[in-house]
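**Student:** Sending over a structure as structure tokens; questions will come in a sec.
Every number in this text was worked out from the coordinates using simple rules, so none of it is lab data. In this text, all values refer to a predicted model and were calculated from it rather than measured experimentally. Quick reminder, even Gly has a Cβ in these numbers, built from the backbone with ideal geometry, and neighbours come from all protein chains shown.
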Amino acid sequence: MKAVCWQGAKQVEVERVPDPQILNATDAIIKISSTAICGSDLHLYDGFIPEMQKGDILGHEFMGEVMEVGPDVKNLKIGDRVVVPFAIGCGHCFFCERKEYSFCDNSNPDSTMADQVYGHSGAGMFGYSHLFGGFAGGQAEYARVPFANVGPLVVPPGVEDEKLLFLSDIFPTGYMAALNCNIQFGDTIAVWGCGPVGLFAIQSAYLLGAERVIAIDRIPERLAMAERVCKAEVLNYEECDVLDELRIKTGGRGPDSCIDAVGMEAHGTNFYSRYEKTKAAIHLATDRPVALREAIQACRKGGTISIPGVYGGFLDKMPMGAAFAKGLTFKMGQTHVQKYMPALLDMILSGGIDPSFLITHNLDLNDAPEAYKLFQEKKDSCIKVIMKNH
Amino acid sequence: MAQDAARNLSVLEQRQRHRLHEGVKVIDSVTIQASAKRIFEFWSRFENLPLFIGHLDSVTPLSNQRSLWIWKALNGHKQIEWESVLIESEPYHLISWKTSPDSEVHHAGSVIFRELPYGRGTVVTVRMLYDPPLGGLADIFERIVGESPQYNLMNDLKKLRQLMEVGEIPRVDGQPTGGQPEEINPALH
């Protein structure tokens with residue numbers, strides 16, 4: 001089959017590799033109809049995530065048709081159309097029992113490294129380094145899905161892939177980010193980053209009762225989408241002082257909750273952002289928390305900082321004093337996709353939301369190397385790339 | 001009630017400690033979402049141990065008390081074996097064993113099961129002692145348990161948890177990756 005394989009930093013290739021096989025009794029094999037490149041794939045592409053190996057198959061946002069099932073798969077049958085959650089849950093451990101699937105105790109086959117680095121390993125993930133299990137990803141013609149009784153969500157025929165694919169990660173991720181804000185009527189939510197997760201977070205914040213959402217980015221087409229499609233007020237951080245603007249817009253009180261949908265590769269414009277970039281380049285720090293610092297500074301007293309943006313290592317100069325002085329609550333982590341998928345599917349099917357608005361590039365799997373480059377450089381107004389097997 | 005249980009537990013732990021007094025000692029514990037009864041019964045069938053203990057190739061019961069343990073390393077090219085004797089088996093709380101006196105290798109182990117309230121699972125605490133042999137067996141013994149017995153035990157307990165909670169051990173060996181020649185799975189075409 002064809003698969004998108006990581007070759008090293010800034011280098012991916014479409015290779016011909018062996019077809020996947022059923023390896024365990026609860027495995028299923030999916031023929032992939034659509035797959036996407038996630039913002040977090042760019043952290044792999046840029047070489048920010050350790051434990052990648054040459055040849056690793058990328059991709060954790062995918063959907064398709066069930067082609068083969070192991071003897072213990074009861075919830076799926078051949079021919080089912082499914083969307084697959086990016087984090088793998090066993091369904092039976094302490095965390096899966098609490099629907100905290102991305103904390104699954106059992107799905108990382110070699111958790112030694114993650115246990116050492118993070119204290120405890122989270123769930124295994126598709127195509128996201130050997131730190132998180134080394135599972136072959138879904139930017140391919142086929143993928144093996146372990147614990148198939150638990151993860152894949154069966155979706156009805158007749159609804160196009162474009163509307164359903166983002167149930168695999170970014171739609172639930174934006175939704176959980178907003179849910180983590182514990183939104184009360186009248187709340188103002190500020191969202192850093194108008195990439196796909198940020199845009200879904202804006203929409204979800206309104207769905208959950210927010211009065212106002214203020215979105216921050218620097219890319220004109222992303223700000224335009226946040227404003228026109230998602231109905232946010234927008235700030236271009238290259239053209240204004242974000243902290244001043246937020247203070248004025250919220251009558252001095254500050255946003256009730258702040259969402260960092262940027263994560264560890266934040267750009268920023270000030271002295272500190274250039275300093276962060278230099279430090280990361282010479283390994284004095286691993287992550288660049290420019291957006292997060294600003295969110296902490298802006299947030300109202302007693303507010304919540306919700307972090308769907310991915311962090312991998314160590315942060316420098318976090319304003320812990322501000323966080324403490326204002327009694328902020330921090331909520332973060334990988335998304336429990338399986339927990340939110342059914343309700344979000346209903347929302348899509350009832351016409352409440354159409355996630356396909358994000359897609360700027362609908363390409364072929366063969367185009368993956370160019371697609372990664374385009375997305376990484378945010379060229380050609382690229383917001384979201386999906387790829388199909390033709 | 002709770003005090004009695006705590007006292008019983010500390011007696012069990014003391015007994016567990018006394019068994020092990022020399023050589024390489026390792027201890028680790030894991031919490032498993034299953035009843036103490038179920039895990040106890042699984043462990044009591046020593047022939048199940050190779051399902052989660054790395055390098056342990058087989059355990060064959062010889063009688064109610066005795067069993068033959070065969071370890072393999074270097075892809076099965078090297079082998080070491082010993083006879084184990086069951087010392088104690090206290091239903092749903094404790095199992096302990098050690099090698100028979102005429103064994104070339106001295107090993108002892110014990111496991112205690114402590115079920116937590118409110119559905120929090122069962123804490124399984126394992127203590128193992130290995131007394132390294134002399135002579136020709138030393139090298140192979142080193143490969144089986146010696147390099148990092150603590151790491152081995154930790155990994156083995158994770159596998160036990162996977163078996164007890166989900167009934168399978170997740171794996172990625174055998175999955176496709178770049179750089180391998182293309183192979184067709186007929187079920188997909």
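**Student:** Can you run the Rg to Rh ratio on the protein assembly as shown? Use alpha carbon positions and the Kirkwood inverse-distance Rh.
**Tutor:** Dividing the radius of gyration by the Kirkwood radius yields 1.02.
**Student:** Of A:GLN11, A:TYR311, A:PHE135, which is farthest along the charge dipole of chain A in the positive direction, counting Lys and Arg as +1 and Asp and Glu as -1 at C-beta?
**Tutor:** Checking the options against the dipole of chain A, the answer is A:TYR311.
**Student:** Separate question: Local charge sum around B:VAL126 (other residues, Cβ-Cβ under 9 Å, Lys/Arg +1, Asp/Glu -1)? Before the final figure, lay out the partial values.
**Tutor:** Working: positive: B:ARG127; negative: B:ASP28, B:ASP156.
Taking every Cβ under 9 Å from that of B:VAL126, the sum is -1.
**Student:** Would you list A:TYR175, B:TYR151, A:TYR340 from fewest to most Cβ contacts within 10 Å? Mind showing how you got there, number by number?
**Tutor:** Values: A:TYR175 27, B:TYR151 13, A:TYR340 22.
Exposure proxy ranking, most exposed first: B:TYR151, A:TYR340, A:TYR175.
**Student:** When a/c reaches 1.5 or more, the comparison of a/b and b/c decides; with that in mind, is the range A:152-236 rounded, prolate or oblate per its Cα gyration tensor? Walk me through the numbers on the way to the answer.
**Tutor:** Details: a/c = 2.30, a/b = 1.44, b/c = 1.60.
Oblate, because a/c is 1.5 or more while a/b does not exceed b/c.
**Student:** Around A:VAL385, under 13 Å between beta carbons, what's the net of Lys plus Arg minus Asp minus Glu among the other residues?
**Tutor:** Charge balance near A:VAL385 sits at -3.
**Student:** A follow-up question, please. Placing unit charges on C-beta atoms (Lys and Arg positive, Asp and Glu negative, everything else neutral), compute the dipole magnitude of chain A about its Cα centre in debye, rounded to 20. Intermediate results must be reported in sequence, preceding the final value.
**Tutor:** Numbers: 36 positive and 48 negative charges, 171 e Å.
Here chain A has a charge dipole of around 820 debye.
**Student:** Residue farthest toward the positive end of the dipole of the protein assembly as shown, with Cβ of Lys/Arg at +1 and Asp/Glu at -1: which of A:CYS38, A:THR188, B:HIS55?
**Tutor:** Ranked along the dipole, the leading option is A:THR188.
**Student:** Rounded, prolate or oblate: which fits the range A:83-184, taking a ≥ b ≥ c as square roots of the Cα gyration tensor eigenvalues, rounded meaning a/c under 1.5, else prolate when a/b beats b/c? Don't jump to the answer; show the numbers that get you there.
**Tutor:** Details: a/c = 1.81, a/b = 1.23, b/c = 1.47.
It comes out oblate by the Cα gyration axes.
**Student:** How would you rank B:ASP173, A:ASP217, going from fewest to most other Cβ atoms within 10 Å of each one's own Cβ? Please list the in-between numbers first.
**Tutor:** Details: B:ASP173 7, A:ASP217 27.
Listed from fewest to most nearby Cβ atoms, that is B:ASP173, A:ASP217.
**Student:** Answer with one residue from A:GLY89, B:HIS106, B:LEU94: the one whose Cα lies farthest towards the positive end of the charge dipole of the protein assembly as shown, charges on Cβ with Lys, Arg +1 and Asp, Glu -1.
**Tutor:** The one lying farthest along the dipole's positive direction is B:LEU94.
**Student:** DSSP beta bridges in the protein assembly as shown, what fraction antiparallel, as a percent rounded to 5?
**Tutor:** Details: 74 of 100 bridges.
If we restrict to bridges inside the protein assembly as shown, about 75 percent are antiparallel.
**Student:** Compute the length gained on full extension between A:SER33 and A:LYS301: take 0.36 nm times their separation in residues and subtract their Cα-Cα distance, giving the result in nm to one decimal.
**Tutor:** Going from the current span to full extension adds 91.8 nm.
**Student:** Hey, what number do you get for the protein assembly as shown at 222 nm if only DSSP H runs of n ≥ 4 count, each worth -39500 (n - 2.57), divided across all residues, to the nearest 500?
**Tutor:** Working: 17 runs with 158 residues, N = 579.
So the helix-based figure for the protein assembly as shown works out to -8000 deg cm²/dmol.
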